[in-house]
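See structure below.
What follows draws every value from the coordinates through simple rules; no lab data is involved. Because the structure is predicted, anything quoted here is derived from the model rather than measured. Every residue, glycine among them, receives a Cβ derived from its backbone with ideal geometry; neighbour counts consider all protein chains shown.
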Amino acid sequence: MVPITTLHYLVVAAALFVLGVIGVLTRRNVVIVLMSIELILNAVNLNLVAFSRLYGLHGQVFAIFVITDAAAEAAVGLGILIAFFRNKETVNVDEVDLLKW
Amino acid sequence: MLHLVLFLIFGAICVAGAVNLLVQRHPINSALSLVAVMASLAVEYLLLGAEFVAAVQVIVYAGAIMVLFVFVIMLLNAGEEARTGGSRVAILFGIPGMLAGSLLVAWVLITHSGTQEVSAGALPGPPREIANLLFHDFLLPFEVTSVLVLIAIMGAVVLAARPESIEQQKREG
């Protein structure tokens, strides 16, 4: 029977991180891009908690701070999205060109 | 044994939910699969002995943040996303880059990771010790975070408010 080591958790976290990066780079819908960013933050959290098992509780405290930041980021990002939708009637990232000169 | 089975089941749900998030074309389906990812991650935290982080994960992530996402998706009434087929540069550089990155990550994980076992039971992260760290050792970062959240709330309200209502408030005030 193979025991579960920190390595296994790191593999799951790496998979989540890569999937999140693929989502950020390939999807056009801003809502799904924001969700992929949440996926990346979750991968980081899993790493922090897995390492807190080895090196003390600081990792879990950092994970809580990351969750707080994710909440703030989601609120501001979705607020920007609503303001943008009111102007351009679209949610696609490739049509976001208000700052293009 | 139970630990291994639970880890495998919920790790698989986690990765499958993330893949489903990317594959689905309609945002509401992606949001629901993200909720599945969050919930199974909470179980993984429980397996690691992080009870408090698991509870926060369910309450804040699967609860508050995802409700916000679903609310905005409903509000914007965003439909299915049209496929563009991708650019040639993306295929030319993206696929080799992804392969190289995956190989690098695999190599680092295999060579630099110890084999310390993570077992269930004998939980090292009771909320009391986390609270001691949070309100004693990390008190300043904690207070700064509260300011950050306050600013984020005010920013979200200002961004999402109708422009007319802000003008009206200026005229009245």
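On the stretch given as the stretch A:52-69, residues that are of a type in the set (D, E, K, R) and either surrounded by fewer than 18 Cβ atoms within 10 Å (Cβ to Cβ) or part of a loop (DSSP other than H, G, I, E, B) (or both) total 1.
Listed residues B:I73, B:I59, B:I65; which is surrounded by fewer than 18 Cβ atoms within 10 Å (Cβ to Cβ) and part of a helix (DSSP H, G or I)? Please lay out each step first, then the result.
Values: B:I73 fails: surrounded by fewer than 18 Cβ atoms within 10 Å (Cβ to Cβ); B:I65 fails: surrounded by fewer than 18 Cβ atoms within 10 Å (Cβ to Cβ).
The conditions single out B:I59.
If you go through the stretch A:1-21 and pick out every residue that is at the interface with chain B (Cβ under 7 Å from one of its Cβ atoms) and within 20 Å of B:V35 (Cβ to Cβ), you end up with 4.
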